[in-house]
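Notes for the one structure printed next.
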Amino acid sequence: MKIAPFRIERYYAIHEFTAPYMLSSSDAESVTVADLLALEPDSAERLEALHLGYTESPGALELREAIAAIYETTTADEVVVVSAAEEGIFLACHELLEPGDHVVVETPCYESALQVPRSAGAEVSTWRRSAADGWAHDVDALERALRPDTKLVYVNSPHNPTGTSMPREVLDRVVELCAERDAWLFCDEVYRELEHDPATRLPAGVDLYERALSLGSVSKTYGLPGLRLGWLASRDRDVLSRIVDLKHYTTICASAPSELLCAVALRNRANLAERNRGIVLTNLPLLDSLLERQAARLSWTRPAASPIGFVRVHGVEDSTGFCDELVAATGVLLLPGAVYDEPDHVRVGFGRANMPDVLARFERWLEIGS
Ligand SMILES: Cc1ncc(COP(=O)(O)O)c(C=O)c1O
């Protein structure tokens, strides 16, 4: 299998663990193991007593039950636990796709959405959204990209990198278009439950369509990327069982302590998500004011969900140099839009508690240093 380098990870590999001031993280504020264990009275004891053996390949029952409770129609048998969403993308694409299959991917996107289907030999068409029209979802463009035999459509809402959400009527139309062709709908929902206004939350793909796969993760909304735990949910149990067959060749099962901690987190997910939504809602107005003051240089379509947004940097063709200079001078790390094939943009992250301080450092550099 050949796969193109993951440009986001390559850029972060240079700076993420040396730059002291992250201003582009896609995950919300993390918690300590002790904080997590404090959410349930007996969990610390259970963790200490846990045997570090293999767990069930589809995922520990306790965890699958906690995941199934997120959705309206699923049971624990309609969930497979994966070692983070990244593994879920890999397993689903390699299970569902064969060389020559046609796939449509909503872009710009998290690199795996494009490269993993390609690595399975699929021919990938893009459903490209554009900054010029506020990242609107052009359904006619999707219809033009689709073919009668399209095998899979990959959508991502709330969306990395723009932080926008798909309107409900668009999602319904996407489902219809998939159903007309019997295509799979892969719904990357890793930022779900971090809508800035919870009333705007979309139904999960798995609750709308029998050939949908909903991809979830504890990495983003709940701020627990270190657990490396995610899941796939689908009403098609056969496909999930084939995904487990493939998982026997990747990780066999997830990490036992992570599964236990993840079950605790998901049973208390409203609490974790609400804390992080509070951080996001405190930080977002600070970004609004900065963008107002710096309107000649920076602009965006305001995100409505997630802890990320995509900012246009005016007057530069490729923001990579801008980001490199910023991190070298101040230790503040943005993510250049070139990793999304949108080189005049940068990704900003506002889900961390120290964001006000980091943002002030960025603005000082804009005013005097750049
Ligand atoms: C849209 C999207 N999907 C999947 C992932 C992978 O998440 P995980 O950390 O759970 O592997 C990310 C991480 O940035 C993402 O932004």
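Kindly establish whether G59 is within 15 Å of the ligand (Cβ to nearest atom) and either assigned by TED's automatic domain parsing to the domain that holds S258 or of a type in the set (K, R) (or both). Spelling it out, G59 is indeed within 15 Å of the ligand (Cβ to nearest atom) and either assigned by TED's automatic domain parsing to the domain that holds S258 or of a type in the set (K, R) (or both). The helices (runs of 4 or more DSSP H) located wholly in the range 263-369 that include 2 or more residues which are free of Cβ contacts under 8 Å to residues at least 60 places away in the same chain and open to solvent by 50 Å² or more (accessible area, probe 1.4 Å) occupy 269-293, 320-330.
In this entry, A92 passes the filter for residues that are within 16 Å of the ligand (Cβ to nearest atom), under 21 Å from the mean Cα position of the chain (by Cα) and closer than 17 Å to K247 by Cα. Do we have E95 as open to solvent by 40 Å² or more (accessible area, probe 1.4 Å), in contact with a Lys or Arg (Cβ under 6 Å, 6 or more places away or on another chain) and not assigned by TED's automatic domain parsing to the domain that holds T301 here? Here the answer is yes, as E95 does meet what is asked. May I ask you to verify whether D77 is away from the ligand (no atom under 16 Å from the Cβ), closer than 18 Å to S241 by Cα and surrounded by fewer than 21 Cβ atoms within 10 Å (Cβ to Cβ)? Yes.
Among R10, R46, which is the only one that is out of contact with any strand residue (DSSP E or B) (no Cβ under 8 Å at 6 or more places or on another chain), within 30 Å of W365 (Cα to Cα), open to solvent by 30 Å² or more (accessible area, probe 1.4 Å) and of a type in the set (K, R)?
Going through R10, R46 in turn, just one is out of contact with any strand residue (DSSP E or B) (no Cβ under 8 Å at 6 or more places or on another chain), within 30 Å of W365 (Cα to Cα), open to solvent by 30 Å² or more (accessible area, probe 1.4 Å) and of a type in the set (K, R): R10.
Reported count of residues in the range 103-127, each being touching a residue at least 40 places away in the same chain (Cβ under 8 Å), buried (at least 23 other Cβ atoms within 10 Å of the Cβ) and away from the ligand (no atom under 12 Å from the Cβ), is 2.
The values are calculated or read from the model by the stated rules, or taken from the named source; none is laboratory data. Everything numeric here is computed off the predicted structure, so don't read it as measured data. No Cβ is skipped: glycine too gets one built from the backbone with ideal geometry, and neighbour counts run over all protein chains shown. Remember, those area values only see protein heavy atoms, side chains included, never the ligands or the DNA or RNA. Shrake-Rupley method; radii C 1.70, N 1.55, O 1.52, S 1.80 Å.
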